[in-house]
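Here the structure is laid out as structure tokens; the discussion comes afterwards.
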Amino acid sequence: MDSEVLIEFPGLITVYKDGRVERLIGTDFVPPSTHPQTGVSSKDVIIIPESNISARLFLPKLTNPNQKLPLLVYFHGVAFCVSSPFTSQFSNYLNALVAEANVIAVSVNYRNAPEHPLPAAYEDSWAALQWVVSHCNRQGPEPWLNDHADFERVFLGGESSGANIAHNLAMVAGDPEFSLNVDILGIALVHPYFWGSEPIGSEALHPEAKAGLDKLWPFVCPENPDNDDPRVNPESIDGPRLVGLGCTRVLVCVAVRDVLRDRGRLYYEALGRSGWMGVVEIMETDGVGHGFQLNDLESHKAKDLITRLAAFCNRDKPPFF
């Protein structure tokens with residue numbers, strides 16, 4: 001019985017009937033440091049000790065001690081159930097992005113399912129964003145944010161499930177019932193994890209990948225296992241309208257060989273026709289699949305993606321705002 005499997009996602013995570021959880025990737029830890037090639041420094045901070053919400057902060061090499069930089073609040077991916085900002089994969093990726101974009105970044109460590117099912121990741125990420133924003137008066141607990149973050153240029157970003165989090169936080173930020181005290185300038189969604197109960201585009205042509213994704217949301221969100229939950233299907237008829245998205249710029253990045261690509265395209269199209277008063281862009285990368293940039297940072301396609309993200313994080317508000 002101890003080794004009997006309850007549910008598994010091959011190559012990702014296995015849950016046994018006795019309650020054990022075995023994560024197959026994303027379990028390594030690399031310490032914060034100053035990167036010898038780029039000069040990017042990193043440090044780890046505890047945000048909310050009671051729930052063990054933490055983050056890794058990244059600061060590029062400064063040209064002057066009073067320099068103010070765009071602020072990127074980043075949410076890592078891997079299916080809401082695996083990995084952290086402290087793995088070599090995400091730490092190396094953020095180091096490369098921060099060096100290219102010359103931004104200060106906060107990579108949030110939210111709690112993972114199944115031990116902490118959704119909405120834990122959303123709640124943790126919102127709490128972390130509020131903590132970041134608490135520095136806007138230059139009197140927060142973290143000196144890097146007090147001294148170097150430009151709260152006129154705040155961006156959210158992430159890939160896969162992290163992009164899903166960025167979208168959902170921007171929806172909350174656009175709700176008049178909530179207040180952040182700062183405006184979110186833009187969100188960058190890389191290979192966003194959006195899904196739905198009815199297949200669209202080419203999804204039905206990939207039955208194995210589709211079957212895995214069909215059971216992912218019920219696994220990470222057992223309180224509402226419907227794949228048309230508005231948090232995973234922004235086009236759900238029961239959800240809030242995209243017109244309420246609380247930012248003025250959006251970049252959606254999709255990969256041609258990713259089974260999620262049509263959802264990213266649909267989001268781009270739906271946002272553009274929703275009446276939302278912002279600017280939305282899309283970047284499509286040929287010949288590669290989901291999260292390709294994380295596995296080969298030196299490839300020209302990964303570098304092209306990072307360059308596009310860096311440019312996005314240095315944009316100002318659209319001129320009509």
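The values are calculated or read from the model by the stated rules, or taken from the named source; none is laboratory data. This one's a predicted model, so the numbers in the text were calculated from it and none came from an experiment. Every residue, glycine among them, receives a Cβ derived from its backbone with ideal geometry; neighbour counts consider all protein chains shown. Surface accessibility is based on the protein's heavy atoms, side chains included, excluding ligands, DNA and RNA. Shrake-Rupley method; radii C 1.70, N 1.55, O 1.52, S 1.80 Å.
Counting only heavy atoms of the protein chains, get the accessible area per residue of the chain (1.4 Å probe) and round it to a whole Å² value.
That works out to 43 Å² per residue.
Along Cα→Cβ, 7 Å out, is where each label goes; now give me the distance between the ones at Lys17 and Asn92 in nm to one decimal.
Simple spin-label model gives 4.0 nm for this pair.
Give the distance, in whole Å, between the Cα centre of the range 4-44 and the Cα centre of the range 202-250.
So the two Cα centres are separated by 24 Å.
Given labels modelled 7 Å from the Cα in the Cβ direction, how far is it in nm from Asp286 to Thr27?
Modelled inter-label distance: 4.0 nm.
Taking R0 as 30 Å, what's the FRET efficiency between Val256 and Glu198 from their Cβ-Cβ distance, rounded to 0.05?
Values: r = 22 Å, r/R0 = 0.73.
The pair Val256/Glu198 has a calculated efficiency of 0.85.
Just the number, please: carbon plus sulfur as a percent of the accessible area of the chain, 1.4 Å probe, no ligands or DNA/RNA counted.
Carbon with sulfur: 51 percent of the solvent-accessible area.
Give me the net charge of Gln293's neighbourhood, meaning all other residues with Cβ under 15 Å from the Cβ of Gln293; Lys, Arg count +1, Asp, Glu -1.
-3
Count the lysine pairs in the chain whose Cα atoms lie under 28 Å apart, taking only pairs 8 or more positions apart in sequence or on different chains.
13
If you add up the charges near Val252, with Lys and Arg at +1 and Asp and Glu at -1, over every other residue whose beta carbon is less than 13 angstrom from its beta carbon, what do you get?
-1
Normalized C-alpha radius of gyration of the chain, against 2.2 N^0.38 Å?
Normalised Rg, Cα atoms only: 0.95.
So, in nm, how far is label Ile46 from label Asn181 when the simple model puts each one 7 Å beyond its Cα toward the Cβ?
Reported label-point gap for Ile46 and Asn181 is 2.3 nm.
Out of Glu203, Glu177, Glu284, any idea which swings most in a Gaussian network model of the chain, alpha carbons joined below 10 Å?
So, out of Glu203, Glu177, Glu284, the one fluctuating most is Glu177.
On average over all directions, what projected area in square nanometres does the range 57-137 have, based on the convex hull of its Cα atoms?
Averaged projected hull area, Cα only: 5.7 nm².
Order the following by accessible area, largest value first: Thr248, Thr27. Probe radius 1.4 Å; ligands, DNA and RNA are ignored.
Thr27, Thr248
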